[in-house]
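The values are calculated or read from the model by the stated rules, or taken from the named source; none is laboratory data. All values reported here derive from a predicted model rather than from experimental measurement. Note that each Cβ is placed from the backbone with ideal geometry, even for glycine, and that neighbours are counted across all protein chains shown.
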């Protein structure tokens, strides 16, 4: 079974590309969705997050805005949060891979924002990075999270720089032009996998 890694910074269009790959018939492990389920009410990550940042956890679950602000105010918190989340996400990823190996899938996709940072790229036969111009990324993050561009810039700065991701990639899919162009690049990439 071939394992394709898919990654990119926030606001780059990675989820859109993952959806296109899923529509093409490739099973996709969505690390973000796993994180959201772990942080939902009753999720396994909530108790340790509550001990670390008490104001970020309420009876309704995780207050993402409060957690995001805590990380912006105290960047060292990010490593502690990752130490909570990464082992839980790794377990879910291992279950996903085991399932698709047993079903005889030819190729699967690991959609992981922190693919390089968590060294999950070592599991992958090929890695695709989704990239967009910096101004497009800032605009998308600000709009999606309903925040000023200055705060979006700070949030983006907490991640691996896009240029480093692209240097580590086997292929780059560039978004920010048009949906049609992104689809064309994805089709061409899928064709290269099947060749």
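Remarks
- Conditions (1) under 17 Å from the mean Cα position of the chain (by Cα); (2) surrounded by fewer than 16 Cβ atoms within 10 Å (Cβ to Cβ); (3) in contact (Cβ under 8 Å) with a residue 24 or more places away in the chain; number of the one not met by residue 122: (3)
- Among residues of the range 152-170 being in contact with a helix residue (DSSP H, G or I) (Cβ under 7 Å, 6 or more places away or on another chain) and crowded, with 16+ Cβ neighbours inside 10 Å, the one that is nearest to residue 3 (Cα to Cα) is 156.
- Per the listing 25, 8, 42, 13, the residue uniquely over 24 Å from residue 104 (Cβ atoms) and without any contact (Cβ under 8 Å) to a residue 40 or more places away in the chain is 42.
- Test: residue 136 is more than 15 Å from the chain's Cα centre (by Cα), at pLDDT below 90 and closer than 17 Å to residue 13 by Cβ: yes
- The range 142-180, residues that are closer than 30 Å to residue 25 by Cβ, assigned to a helix (DSSP H, G or I) and either in contact (Cβ under 8 Å) with a residue 24 or more places away in the chain or touching a strand residue (DSSP E or B) at 6+ places or on another chain (Cβ under 8 Å) (or both): 144, 162, 165, 166, 168, 179
- With respect to (1) closer than 21 Å to residue 7 by Cβ; (2) at pLDDT 95 or above; (3) out of contact with any helix residue (DSSP H, G or I) (no Cβ under 9 Å at 6 or more places or on another chain), the lone exception for residue 82 is condition (2).
- Some residue of the range 87-102 being over 20 Å from residue 1 (Cβ atoms), free of Cβ contacts under 8 Å to residues at least 40 places away in the same chain and out of contact with any strand residue (DSSP E or B) (no Cβ under 7 Å at 6 or more places or on another chain): yes
- Applying the set (1) surrounded by fewer than 17 Cβ atoms within 10 Å (Cβ to Cβ); (2) at pLDDT 90 or above; (3) more than 21 Å from the chain's Cα centre (by Cα) to residue 33 leaves exactly one unmet item: (3).
- Count of the range 17-39 residues which are within 25 Å of residue 82 (Cβ to Cβ) and in a helix (DSSP H, G or I): 10
- Of all the criteria given as (1) modelled with pLDDT of 90 or more; (2) more than 25 Å from residue 175 (Cβ to Cβ); (3) under 20 Å from the mean Cα position of the chain (by Cα), the one not satisfied by residue 47 is (3).
- Single condition residue 43 does not satisfy, out of (1) in contact with a helix residue (DSSP H, G or I) (Cβ under 7 Å, 6 or more places away or on another chain); (2) farther than 18 Å from residue 127 by Cβ; (3) in a helix (DSSP H, G or I): (3)
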